[in-house]
Amino acid sequence: MSTTRDGGLFLLLSFLWGTSFMAIKLGLEFMPPVLFAAVRYDVTAVLMLGYVAATTGEWRPRSRADWLVVGVGAALIIALYNAFLFIGQQGVTSGVAAILIAMNPILATGFSRVLLPQERLGGIETVGLLLGFLGVGLVAWPESAGPLAADLLAPAFVLLAAACVALGSVVVQRVDSDIGTEGMVAWSTALGALLLHAMSAGLPAESVGDVAVTPVAIISVAYLAVFASAVGYVIYFELLDRLGAIEINLVSYAVPVFAALSGWLVLDESLDIAAIAGFVVIFVGFLLLKQSTIRDRVWVDRETNATDLSE
């Protein structure tokens, strides 16, 4: 982080995205999971479309490539990601969910290597990828003596959510589109909300009649839609421009800290030693997987600082 402002925004984004896991857990007491996600993005879509219309020029999809990017974002990054996450969070704590989602940067690197075979993983990168999955095993391994498949179902849904957003981000980057990132996210959010409503309507276990309109439910939706999503995306875009993809990826590893703390303070949740160890292993896997890029970034920063000092 080069400035105090960047560091403050980084912490704020980590806080907003970390506490969102606690807010999801709260709201799930009053709404079916997929319908809850759909309502969240109904509100977010209105806010994001208004924001990009007022602040950016290239925000409307115009070409087939633009609509392809929006469609991939809507299906994978918004609809499937949130459907699997909200379903999975019914059976895991806020901290565990955030740790499993932290596999996103590792999975994205793996998907990019599969889609672009010429970019093969080296020995150190392969170890990093394997460490990531070892960490997932430590986090997801059940404490109870119940059936293994039942105990692993909820964390499997959350990991599937991480895989969807990772695959979606890789595919979006591979499409030559002219629409800006903010416009892509705004339109993907709107279309993704519609897909979530369609998914919810097709699930026999979900019904509008199961929604309990309570102050806590309203606060959960408002917090997720306004602060965790709309405000969070605006901060993310600014940091992405200022810091680059590697440093902004580190948000994934600050988020679980705030998720675990907020889950403990509000919901009386806790993290066991295995989950904490798994988080550390996943983070080490990320560092190994990105070691060459991180080394190059550190070298560039040193050269820049040396140039600034010499002037």
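Coordinate-derived values only; no laboratory data. As the structure is a computational prediction, the values presented were derived from the model and not from experiment. Here Cβ is always computed from backbone atoms with ideal geometry, including for glycine, and neighbour counts include all displayed protein chains.
Computing FRET efficiency as 1/(1 + (r/R0)^6) for Val208 and Asp268, where r is the C-beta to C-beta distance and R0 is 22 Å, gives about 0.15. Ordered by the count of other Cβ atoms within 10 Å of each Cβ, fewest first, Phe111, Phe36 give Phe111, Phe36. Using the Cβ-Cβ distance between Ala54 and Leu194 with R0 set to 22 Å, the FRET efficiency works out to roughly 0.45. Measuring r between the beta carbons of Gln90 and Leu134 and using R0 = 35 Å, the FRET efficiency lands at 0.85.
What separates the Cα centres of region 203-230 and region 44-113 is a distance of 18 Å. Going by neighbour counts of Cβ atoms within 10 Å, the residues Leu194, Leu100, Leu289 line up, fewest first, as Leu194, Leu289, Leu100. The calculated Kirkwood hydrodynamic radius for region 4-310 is 20.0 Å, given to one decimal from all distinct C-alpha pairs. Each residue, Val46 and Val257, gets one label point 7 Å from its Cα in the Cβ direction; the gap between the two is 3.6 nm. Amide H contacts of Glu269 (H built 1.01 Å from N, in plane; Pro and chain starts excluded): Trp264 sit under 5 Å, all sequence-distant by 5 or more or on other chains. Here the relative contact order of region 4-310, from alpha carbon pairs under 8 Å that lie six or more residues apart, stands at 41 percent. Each of Asp42, Asp178 was scored by other Cβ atoms within 10 Å of its Cβ. Listed from fewest to most, they are Asp178, Asp42.
The dipole here belongs to region 4-310: it is taken about the Cα centre, uses +1 on the Cβ of Lys and Arg and -1 on the Cβ of Asp and Glu, and is about 400 debye.
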